[in-house]
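To keep things clear, I will list the structure first and then write my remarks on it.
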Amino acid sequence: MNKSTILIVDDEINIRNGLSTALKLEGFNTLTAEDGINAWEIINKQPIDLVLTDIRMPKMDGNELLKKISSSYPTVPVIMLTGHGTIEEAVKSMQNGAVDLLTKPVNLSYLNVLIHKTLHDNEIKNQNIELKKQIEKIQKKSGLKKIIGQSAEMEKLLETIVQIAPSKASVLIFGESGVGKELVAQSIVDFSDRANKPFIKVHCAALNTNLLESELFGHVKGSFTGAISDKKGRFEQADTGTIFLDEIGEIDKSTQIKLLRVLQEHEFEKVGGEKTIKTDVRLITATNKNLEEEIKNGNFREDLYYRLNVVKLTVPPLRERREDIPLLSNHFLDEFCKENNKKINGFTEKAKQAIGLYNWPGNVRELRNCIESSVIMCRKNVIDISDLPSYMQNLEKKEGIVIPIGTTLENAEKQIIRHTLSFCGGNKSKAADILQIGRKTLAKKLIEENA
């Protein structure tokens, strides 16, 4: 681990040298400057991790130096020193961006604790900033702002969305509950020439057979008890636009027949009606069921399946794209900090480890709920493991993996790569270092694994 470099600024040589010696004994690299001008020259020439500066100095005092650092190097923390500490000075220093104001003579034990905490918090804050940049880069590259991921699986999915969005083809989205199938559907619409046309969403499992048919195709007055007036169905509402049918595997056979007709003939009749209604609608459907198995079991029409499955997109579960977990965690952290008016800079190593190791059966939806809960429970400026749900607090990082006898060399390599990525919290550079291969080689192997 690289040693942190601390710049000590004080016009008294004994204080400069004394602090320098004490901090070197604690394992830090130190540089010294006799005034603000000398310090500013050093800061502009080489990386500094923390500045420890006196307030009252000739030529350029500590407050002026602090303002310059806060303006040009906002990620460099500054701790102020003074021999004449007042409440007014402390308030002024904090307003200008100082971490703390200490009075001389300095309590070295307290200073050491403060420096370690400040550097640790700053590292988390900088990691958070870097993750935000990665998210923005991914979104700018793909043009898709709602889906976040840099794993090989998600990059392939994003590329496919951009490719198929402009077409009129029906799309079937497959994936476990909570992976973000609706976001994929929304992204397809956003990238299509129907982006400004109606986009109607229907959750099929939430409606019984009679209600679903009426919801999709509408009904005429008096067609059944409670039909007190004519009603437009979702297909009529979505004309010239797109309709998204979630949990398509839950619809009954009679509704499947009507849906097949809409796809083939682009027309339908309302429940109880005789007038044929023409419609121009692009259909996107989603399911967490294996529809091919449903066909074998007689629950789903094969001809409808092929009509729906012109383009099939599979959204991978979160446990199969663990390198996306830090990005998603950071995205949700930012979202819920804004929503709850809280200032949280990131996650401690223990919290990141637990989040990275958990299997996420509820996928992205569960991760989102977890981060929302953690933001609300957090009382500090970083989320610690104690802020996470209780069932995640006892997860321990396993330093090894078990590969059963009979595993092929190819599959063993895949397991090693997957577990190493998980161990590194999705950081490909760290994983490549551990595996002693180049980052490009690792990326290539990940693409081959998911091809």
For Asp100, which sequence-distant residues (separation of 5 or more, or a different chain) have an amide H within less than 5 Å of its own amide H, given hydrogens modelled in the peptide plane?
Met80
Size of the dipole of region 409-449 about the Cα centre, Lys and Arg at +1 and Asp and Glu at -1 on the beta carbon, nothing else charged, in debye to 20?
180 debye
What's the center-to-center distance, using Cα atoms, between region 179-246 and region 40-63 in Å?
64 Å
In what sequence do Arg368, Arg319 fall when counting other Cβ within 10 Å, fewest first?
Arg319, Arg368
Under the Karplus relation 6.51 cos²θ - 1.76 cosθ + 1.60, θ = phi - 60°, what is the ordered set of whole-Hz ³J(HN,Hα) values for region 96-103, x standing for Gly and Pro?
7, x, 6, 6, 6, 10, 10, 9
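Below 13 angstrom from the Cβ of Ser429, what's the summed charge of the other residues (Lys, Arg +1; Asp, Glu -1)? Spell out each step's value before the answer.
On the way: positive: Lys428, Lys430, Arg439, Lys440; negative: Glu130, Glu323, Asp433.
So the environment of Ser429 carries a net charge of +1.
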By the Cα gyration tensor axes a ≥ b ≥ c (a/c under 1.5 gives rounded; else a/b larger than b/c gives prolate, otherwise oblate), the shape of the chain is prolate
Order of 172-179, 35-42 by packing, highest average Cβ count within 10 Å first?
172-179, 35-42
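About the Cα centre of the chain, what is the dipole size in debye to 20, counting +1 per Lys and Arg Cβ and -1 per Asp and Glu Cβ, all else neutral? Write down the numbers at each step before the final one.
Numbers: 63 positive and 62 negative charges, 112 e Å.
Around 540 debye, computed over the chain.
Local charge sum around Gly241 (other residues, Cβ-Cβ under 14 Å, Lys/Arg +1, Asp/Glu -1)? Could the numbers behind the result be given before it?
Working: positive: Lys168, Arg194, Lys197, Lys201, Lys232, Arg234, Arg282; negative: Asp190, Asp193, Glu236, Asp239, Asp280.
Taking every other residue near Gly241 into account, the sum is +2.
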Please order Ile371, Ile416 by the number of other Cβ within 10 Å, starting at the fewest.
Ile416, Ile371
Hz values of 3J(HN,Hα) by residue in region 358-369 - Karplus curve (6.51, -1.76, 1.60), Gly and Pro given as x
5, 8, 6, x, x, 6, 4, 4, 5, 4, 4, 5
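Given an 8 Å cut-off on Cα distances and at least 6 residues of separation, report the relative contact order of the chain as a percent. List each step's numbers first, then the result.
Working: 704 pairs, mean separation 55.6, N = 451.
Contact order relative to length: 12 percent.
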With angles folded into 0 to 90 degrees, how steeply does helix 409-423 sit against the dominant principal axis of the chain? Use alpha carbons for both and round to 10.
60 degrees
Taking Cα centroids, how far is region 1-37 from region 274-342 in Å?
57 Å
For Val99, what is the net charge nearby, where nearby means another residue's Cβ is under 12 Å from its Cβ and Lys, Arg count +1, Asp, Glu -1?
0
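Which percentage, to the nearest 5, of the DSSP beta bridges contained in the chain is antiparallel? All intermediate terms of the calculation are to be shown ahead of the outcome.
Details: 4 of 41 bridges.
Given both bridge residues lie in the chain, the antiparallel proportion sits at roughly 10 percent.
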Could you give me the ³J(HN,Hα) list for region 51-66, computed from phi with Karplus coefficients 6.51, -1.76, 1.60 and θ = phi - 60°, whole Hz, x at Gly and Pro?
10, 10, 10, 6, 8, 8, 9, x, 6, 9, 7, x, 5, 5, 5, 4
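On full extension of the chain, what length is gained from Ile437 through Gln163, given 0.36 nm per residue of separation minus the C-alpha to C-alpha distance?
Details: separation 274, 0.36 × 274 = 98.64 nm, distance 3.23 nm.
Taking Ile437 through Gln163 to full extension adds about 95.4 nm, to one decimal.
Looking at this model, which pairs from Lys338/Lys380; Lys168/Lys201; Lys197/Lys221; Lys201/Lys342; Lys146/Lys343; Lys231/Lys296 are more than 25 angstrom apart at the alpha-carbon?
Values: Lys338/Lys380 16 Å; Lys168/Lys201 17 Å; Lys197/Lys221 28 Å; Lys201/Lys342 33 Å; Lys146/Lys343 23 Å; Lys231/Lys296 36 Å.
Lys197/Lys221; Lys201/Lys342; Lys231/Lys296, as the Cα separations exceed 25 Å there.
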Placing +1 on the Cβ of each Lys and Arg and -1 on the Cβ of each Asp and Glu in the chain, which of Tyr305, Val364, Leu25 has its Cα farthest towards the positive end of the resulting dipole?
Tyr305
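The numbers here are math on the coordinates, done by the rules we state, and not lab data. Quick caveat: nothing in here was measured; it's all calculated off a predicted structure. Note: ideal-geometry Cβ built from the backbone for every residue, glycine included; neighbour counts use all protein chains shown.
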